[in-house]
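Worksheet: the structure to be examined is printed underneath.
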Amino acid sequence: MTTDRNILAAKGGFLTQTYRETGLIGCARKIAQAIHMQLPMMLLGRRTNRSVGAYFDLITDDARMFYGDSFHFGYFPDGDETFSAALNNHTDLVARMTDLDDSMHVLDIGCGIGAPAVRIARRFGCRITGVNISAEQVRQGSALIAREGLGQRIAIHHGNALALDLPEASFDALLCIEVAGDICVSETQKDRLVQEMFRMLKPGGRIGFSDLAFTGIPSRADEQAMRTILFHRGAELITDWPKHFERGGFEIVERRDIIAETMKTWECMLQIYASRAEEVEARYGRRIARMTMDHLRRIPDVLERFGSFPVLAIQKPG
């Protein structure tokens with residue numbers, strides 16, 4: 001739902017619900033997460049890697065409640081898919097870019113709670129190691145993987161993908177599904193992420209990559225919607241990812257821009273919140289619920305004017 005500091009001012013509803021679900025410890029954890037998320041924005045005027053982790057720590061429960069277990073845009077190639085099918089379509093599209101098979105060990109960078117890894121492991125038979133900067137998502141993801149009976153084939157770990165303590169050339173393929181812009185909070189970190197990918201991938205191995213990227217800077221009002229809903233400023237997302245990968249020594253094997261096929265995501269989101277309006281207002285309060293809906297309605301126009309969504313098949317020379 002809403003991601004800014006107002007989440008804790010929503011008539012007490014949010015913390016009341018958290019108390020009912022997880023008690024005082026859960027409330028204290030949510031407050032600490034909100035503080036760690038907001039302090040860098042207040043003091044530095046920008047995100048930090050730690051604040052990104054705190055953001056995902058904070059929103060995971062609510063995102064799963066309203067959105068599902070896959071933390072990315074839906075992909076609607078036909079236009080009439082259900083939201084759940086579109087989320088799976090996005091996972092499948094990126095996975096297909098890597099030519100996976102059951103002999104491979106795959107690194108899933110920014111793995112969320114492991115739902116894409118579960119789907120990919122079942123479809124392709126590969127072994128997957130996931131890494132995530134959110135300790136809360138790692139905790140919930142480990143539980144999800146255990147429930148799915150895939151603990152022998154999927155393991156997820158808490159860590160920063162910009163500096164992983166993993167051996168060089170230790171993975172046959174890499175996945176990076178709509179997380180690079182979250183991982184990288186500065187321009188220099190974008191090149192660092194690419195360098196880490198190059199280091200960890202075996203020669204001849206492939207990366208399946210997708211992410212939201214911008215071509216211009218939105219207005220101040222649009223930026224507020226971006227920060228509230230996506231925890232981003234538009235300027236941070238102005239990125240030519242193919243150039244970063246080529247500069248890092250990779251070859252772009254295939255590239256697509258699927259921004260048009262992701263736009264129905266926002267229609268689905270609005271429908272979900274409208275259909276559960278009473279629950280949303282009880283949890284966040286009427287003012288926060290209304291503000292969030294207003295921001296959600298603004299996002300599609302921002303994306304139509306400034307957004308692109310590259311999906312890439314990238315290969316390390318062999």
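Summary table below
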read-out: Residue check, Phe209 in contact with a Cys (Cβ under 8 Å, 6 or more places away or on another chain), modelled with pLDDT of 95 or more and either open to solvent by less than 20 Å² (accessible area, probe 1.4 Å) or closer than 26 Å to Ile288 by Cα (or both); value: yes
read-out: One residue from Arg227, Arg283, Arg256 being surrounded by fewer than 21 Cβ atoms within 10 Å (Cβ to Cβ), farther than 21 Å from Gly112 by Cα and either of a type in the set (Lys, Arg) or under 18 Å from the mean Cα position of the chain (by Cα) (or both); value: Arg256
read-out: Qualifying residue in the range 212-222 (condition: part of a helix (DSSP H, G or I), open to solvent by less than 30 Å² (accessible area, probe 1.4 Å), over 26 Å from Ala117 (Cβ atoms) and of a type in the set (Asp, Glu)); value: yes
read-out: One residue from Ser103, Ser51 being open to solvent by 50 Å² or more (accessible area, probe 1.4 Å) and either under 25 Å from Ile133 (Cα atoms) or not in a helix (DSSP H, G or I) (or both); value: Ser103
read-out: Inter-residue pairs, beta-carbon under 6 Å, first in contact (Cβ under 8 Å) with a residue 60 or more places away in the chain and in the range 255-281, second among the polar types (S, T, N, Q) and surrounded by 15 or more Cβ atoms within 10 Å (Cβ to Cβ), 6+ apart; value: none
read-out: Which listed residue is open to solvent by 20 Å² or more (accessible area, probe 1.4 Å) and touching a helix residue (DSSP H, G or I) at 6+ places or on another chain (Cβ under 9 Å), from Gly141, Gly151; value: Gly151
read-out: Looking only at the range 21-78, and only at residues there that are modelled with pLDDT under 85 and polar (S, T, N, Q), the one that is farthest from the chain's Cα centre (by Cα); value: Thr22
read-out: Search result, residues across the range 85-100 that are among the hydroxyl-bearing types (Ser, Thr, Tyr) and either under 16 Å from the mean Cα position of the chain (by Cα) or more than 15 Å from Arg119 (Cβ to Cβ) (or both); value: Thr91
read-out: Glu254 vs. criteria at pLDDT 95 or above and part of a strand (DSSP E or B); value: yes
read-out: Residues of the range 132-156 classified as free of Cβ contacts under 8 Å to residues at least 40 places away in the same chain and within 30 Å of Ile258 (Cα to Cα), total; value: 4
read-out: The one condition in (1) touching a residue at least 60 places away in the same chain (Cβ under 8 Å); (2) in a strand (DSSP E or B); (3) over 30 Å from Asp240 (Cβ atoms) that Asp108 fails to fulfil; value: (3)
read-out: Number of positions in the range 168-178 that are out of contact with any Lys or Arg (no Cβ under 9 Å at 6 or more places or on another chain) and either of a type in the set (Ser, Thr, Tyr) or open to solvent by 20 Å² or more (accessible area, probe 1.4 Å) (or both); value: 1
read-out: Residues located in the range 230-253, provided they are among the charged types (D, E, K, R) and either buried (at least 18 other Cβ atoms within 10 Å of the Cβ) or within 20 Å of Leu162 (Cβ to Cβ) (or both); value: Arg233, Glu236, Asp240, Lys243, Glu246, Arg247
read-out: Residue list for the range 286-299, filter: open to solvent by 20 Å² or more (accessible area, probe 1.4 Å), of a type outside the set (Lys, Arg) and closer than 20 Å to Leu58 by Cβ; value: Met291, Met293, His295
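The values are calculated or read from the model by the stated rules, or taken from the named source; none is laboratory data. Fair warning: this is a prediction, and the values are worked out from it, not measured in the lab. All Cβ positions, glycine included, derive from the backbone under ideal geometry; neighbour counts span all protein chains shown. These area figures cover heavy atoms from the full protein model, side chains too; ligands, DNA and RNA do not enter into them. Shrake-Rupley method; radii C 1.70, N 1.55, O 1.52, S 1.80 Å.
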